[in-house]
1. Among the residues of the stretch 43-71, which ones are free of Cβ contacts under 8 Å to residues at least 60 places away in the same chain, touching a Lys or Arg at 6+ places or on another chain (Cβ under 8 Å) and part of a strand (DSSP E or B)?
2. Return the only residue of L345, L326, L286, L292 being in a helix (DSSP H, G or I) and modelled with pLDDT of 70 or more.
3. Under 8 Å between Cβ atoms, which residue pairs at least 6 apart in sequence (or on different chains) link something in the stretch 490-506 that is under 17 Å from V393 (Cα atoms) and among the β-branched types (V, I, T) with a partner that is surrounded by fewer than 21 Cβ atoms within 10 Å (Cβ to Cβ) and at pLDDT below 90?
4. Would a scan of the stretch 85-96 turn up a residue that is in contact with a helix residue (DSSP H, G or I) (Cβ under 6 Å, 6 or more places away or on another chain) and surrounded by 15 or more Cβ atoms within 10 Å (Cβ to Cβ)?
5. How do the pairs read when you match residues in the stretch 381-394 that are open to solvent by less than 60 Å² (accessible area, probe 1.4 Å) with residues anywhere that are in a strand (DSSP E or B) and β-branched (V, I, T), using Cβ under 6 Å and keeping only pairs 6 or more apart or on different chains?
6. Can you tell me which residue within the stretch 72-88, out of those that are hydrophobic (A, V, I, L, M, F, W, C), in contact with a strand residue (DSSP E or B) (Cβ under 8 Å, 6 or more places away or on another chain) and without any contact (Cβ under 8 Å) to a residue 60 or more places away in the chain, is nearest to S128 (Cα to Cα)?
7. If you take the residues of the stretch 20-31 that are touching a Leu at 6+ places or on another chain (Cβ under 7 Å) and within 13 Å of A51 (Cα to Cα), which of them is surrounded by the fewest Cβ atoms within 10 Å (Cβ to Cβ)?
8. Quick one: which of P59, P34 is touching a strand residue (DSSP E or B) at 6+ places or on another chain (Cβ under 9 Å) and open to solvent by 40 Å² or more (accessible area, probe 1.4 Å)?
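The values are calculated or read from the model by the stated rules, or taken from the named source; none is laboratory data. This is a predicted model, so every value here is computed, not measured. Glycine gets a Cβ as well: all are built from the backbone with ideal geometry, and neighbour counts include every protein chain shown. Just so you know, the surface numbers come from the protein's heavy atoms only, side chains and all, with ligands and any DNA or RNA stripped out. Shrake-Rupley method; radii C 1.70, N 1.55, O 1.52, S 1.80 Å.
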Amino acid sequence: MPGRPVLILAPRGRDAEVIGQVLARAGVSTRVVPDVAAAIDGLGACAAVVATEEALAGPDLRRLLALTAAQPAWSDLPFLVLATKQPGPRSAHHVSVLDGLGNAILLERPLNAETLVSAARAALRARSRQLAVRNLHATLESRVQERTQALAASEAQARTTFDSFPECIFTLHVSDGRAFPVEAANPAAERATGLSAAAIRGGGASAFLPPDDAATVEAQCRACVAAGVSLSFTAALRFPALSGAFEATLTPLRNADGRIARLLAVFRDVTARNALEARLRQAQKLEAVGQLTGGVAHDFNNLLQVVISGLTLIERSGDPARRALLLDSVRRAAQRGGDLTKRLLTVARRQSLRPEAIDIGAWLGDGAGELLTRTLRGDIQTELRVAPGLPPVQADPDELELAVLNLAVNARDAMPGGGTLTITAVPVFIDGLTDPDGLCGEFVRFTVADTGTGMSEDTQARVFEPFFTTKGVGQGTGLGLAQVYGFARQSGGGVRLRSRLGEGTAVSLLLPVSDAAVSRPAASAGGAATAQQAGGAAVLVCEDDDDVAALAVDMLEQLGHRPTRVGTAAAALGALADGRAVDVLFTDVLMPGGMDGLALARQARGRRPGLPVLLTTGYTGAGAAAVPRGMLMLRKPYQLPDLAQALQSALAGAPPALAAD
């Protein structure tokens, strides 16, 4: 065994010399020691001991036996004891010595060299394995110590992090899935609850939260255990020393068999952050309102300029033809004002939509495709690609037509040298986990694509902002794509934009699929015929604005009706109470005096069941949109044919097809 000799203890005659020569010829390193004391000194560095039986005697023998008995668990030093052959059993002393040495092999003399070498090699192999076990044991002990130290350091670091973490941390025990007692809490949790960790430990959320807050937390814990994954939620919580909005994250911790044994609950106070975000949103709203106000003021001032100048010139002109032209200009300006208001309401998603099931393929074939063709120039080709079996969409057909026209006009202007406008409609399924707007379910992707100039990334980032336009002065309002976006979002869908400079632009409307059947609209009667059919009715007009009321009364008289005007809801109820003849109630929705038009209509119906009611408003809030069953709504601004048709429908009890919305 390299580096470790075999000790030879044979002090009589030439025994040591002969043994050494035999082992040396076999390649075994040896060292001769004169007595037991010297052998004891060399035990730590030897591989085995060859000793004659008679040499194992003297005062140091007891110490040798004590050392062999005290060897480490891995060590069992081999002893080859050469003894004289005896006819009978050995003495009790010699037997006790052999037993005390432990790993002792008795070789009786005379013996040949091969026997001695074989025994020596066996002893060396055994000792080599013992030393290998010792080295492995030392390595394992070193690794265990290193791992123990690393674990202790990691635990110390985890404890430091746990204690210094600024958010509230609770470790909750999971037993039956209903109660979640606290096992540990960090100092931040102690400060929030006003309790020590020892006082918190063992209690549930109800120990430091009001019952309704505790019920919220425990319900989320049960949901986390049921799902088996981390869960986050936001809730308003009232800790004894800290109340506000909290973002909480629950993380399941599993034991060795994979069962959820604990929940790590982290509560982050986001009250200040929410307040800051609210201030930021308010600032953004004010900025948007400022931008919107500037754009509206510009466009409406232009319209008012046409109206005021036209009326002034009408007063000064005596030429009937000239007056007719001026009246047409004023009328067009007023209509443009109504269109602008409608677009603004769509942008703000406050427009009252009348969604219905629309067959996109039939809609394009029945007239929308022809309308697009008239909108475009002759150098622009139109391609329609509608997937077979396309399901109907749920949308307002008028707003859809306006949105598609806006997209077509933008595409036309982006192709000054001509090109191709491609309209495609295909069904898609949207995963709510990946969609940027959180859309989920079945939709129809209606895409308008052009081969025009395309948009830069900066333009794409702002293209849906109200009044943002890249067109020249007087060539666009900047509300087209904003209307498209507002319409799509208000319809429960979204808009996707894809564009590259020099390659064109594709704008896709995502419209929800409808479960309703597609209905075919009935043809509407003309304004003149409507006026004649609805003529002669007694109309109670309730309108607080004197100018609007005067014009409404004048229009009703032009239609041959008998209007009576009142300025408040109370006055209208009084008129109904005095028994006068009223064939239809025509009332504004927003009224002063604490009673609006809807409440007036309900009370009027209560006093005169079945009384026809026609509502009118220029407002599109929730109250104006909630038209009671059996009542009709006429949107401002309206024209004479619109009023005539609405009155006819109200008197007939049939829903109108109004063009003034």
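1. Here is the first cut: in the stretch 43-71, the ones free of Cβ contacts under 8 Å to residues at least 60 places away in the same chain are 43-46, 49, 51-71.
Next, only the ones that are touching a Lys or Arg at 6+ places or on another chain (Cβ under 8 Å) stay: 45-46, 52, 54-55.
Answer for the stretch 43-71, where residues must be free of Cβ contacts under 8 Å to residues at least 60 places away in the same chain, touching a Lys or Arg at 6+ places or on another chain (Cβ under 8 Å) and part of a strand (DSSP E or B): just T52.
2. Values: L345 fails: modelled with pLDDT of 70 or more; L286 fails: modelled with pLDDT of 70 or more; L292 fails: modelled with pLDDT of 70 or more.
Residue meeting the stated conditions: L326.
3. V495/F464; V495/R489
4. Kept after step one, since they are in contact with a helix residue (DSSP H, G or I) (Cβ under 6 Å, 6 or more places away or on another chain), are these residues of the stretch 85-96: none.
The answer is no; no qualifying residue exists.
5. A387/V426; P391/V513; P392/I358; V393/I358; V393/V444
6. Of all residues in the stretch 72-88, those hydrophobic (A, V, I, L, M, F, W, C) come to 73-74, 77, 79-83.
With the extra rule that they be in contact with a strand residue (DSSP E or B) (Cβ under 8 Å, 6 or more places away or on another chain), the set shrinks to 77, 79-83.
Retained after the next criterion (residues that are without any contact (Cβ under 8 Å) to a residue 60 or more places away in the chain): 77, 79-81, 83.
Working: L77: 10, F79: 14, L80: 16, V81: 20, A83: 25 Å.
The qualifying residue nearest to S128 (Cα to Cα) is L77.
7. Filtering first and then ranking leaves R31.
8. P34
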